[in-house]
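These notes are about the structure you will find just below.
The values are calculated or read from the model by the stated rules, or taken from the named source; none is laboratory data. Source: prediction; values computed, not measured. In this analysis, Cβ positions are derived from the backbone assuming ideal geometry, glycine residues included, and neighbour counts consider all displayed protein chains. To get the accessible areas, we keep the full protein, side chains included, count just its heavy atoms, and leave off ligands, DNA and RNA. Shrake-Rupley method; radii C 1.70, N 1.55, O 1.52, S 1.80 Å.
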Amino acid sequence: MKPIKRALGVMALSIFALPAMLSAAEMEDTITVSSTAFDHHGMVPLAYSAYGDNTVPQISWDNLPAGTEQLALVMDDPIAPMPQPFVHWVAYNIPADAMQLPEGLSKEAEVAGVEGLDGMINGVNGLRQTGYFGPRPPKDGKLHAYHFRIYALDAALDLPEGLNKAELLEAIDGHVLATGMLMGHYEQE
């Protein structure tokens, strides 16, 4: 009887651990990500672009899975003419009880003085600067896509300052419970 109980226990543990074993890229998006600045698949207004005021848009999320301890965000442009998507924003150590990132958020590495975002860090973008860098595609006649991806993590990792996208994704590997994405578009004519 004991071997059967043990086997069932291992099987149950495997089933519950399955989401953490999938890579974030293999997960179906279950978190709803939205913005007051633009709709999903909508156009990002000029004010939020690097051609405009380069203002951080408001980003919110809903439907976080049980067990979420911390959040991370990556914004990139997969249409940029580069081998890898161009990274516009990396943010992490976002408290699980935060409901949003407010419009006009600081681009400093340590986000301070914003209620509910204690400990949040702005990582390093594709320009090797901290914080948000808005859409700034070349005049190439292409409609560029900007993916704002939220990651729900099963642990409060308290990662250090200075991580770029690759370093963040490596650090959160095995801790991602769920993801969600808001996509905005921008074209420089």
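Mind listing just one residue for me: the one in region 80-96 that is among the hydrophobic types (A, V, I, L, M, F, W, C) and farther than 21 Å from ILE172 by Cα and, of those, surrounded by the fewest Cβ atoms within 10 Å (Cβ to Cβ)? The residue in question is MET82. PRO135 passes all but one of (1) part of a loop (DSSP other than H, G, I, E, B); (2) open to solvent by 40 Å² or more (accessible area, probe 1.4 Å); which number fails? PRO135 satisfies every listed condition except (2).
Of the candidates LEU117, LEU159, the single residue that is part of a loop (DSSP other than H, G, I, E, B), touching a residue at least 60 places away in the same chain (Cβ under 8 Å) and not small (Gly, Ala, Ser) is LEU159.
Among the residues of region 82-108, those identified as closer than 13 Å to GLY126 by Cα and part of a loop (DSSP other than H, G, I, E, B) are MET82, PRO83, GLN84, PRO85. Of the residues making up region 46-79, those that are over 21 Å from GLY180 (Cα atoms) and either touching a residue at least 60 places away in the same chain (Cβ under 8 Å) or open to solvent by 50 Å² or more (accessible area, probe 1.4 Å) (or both) number 8.
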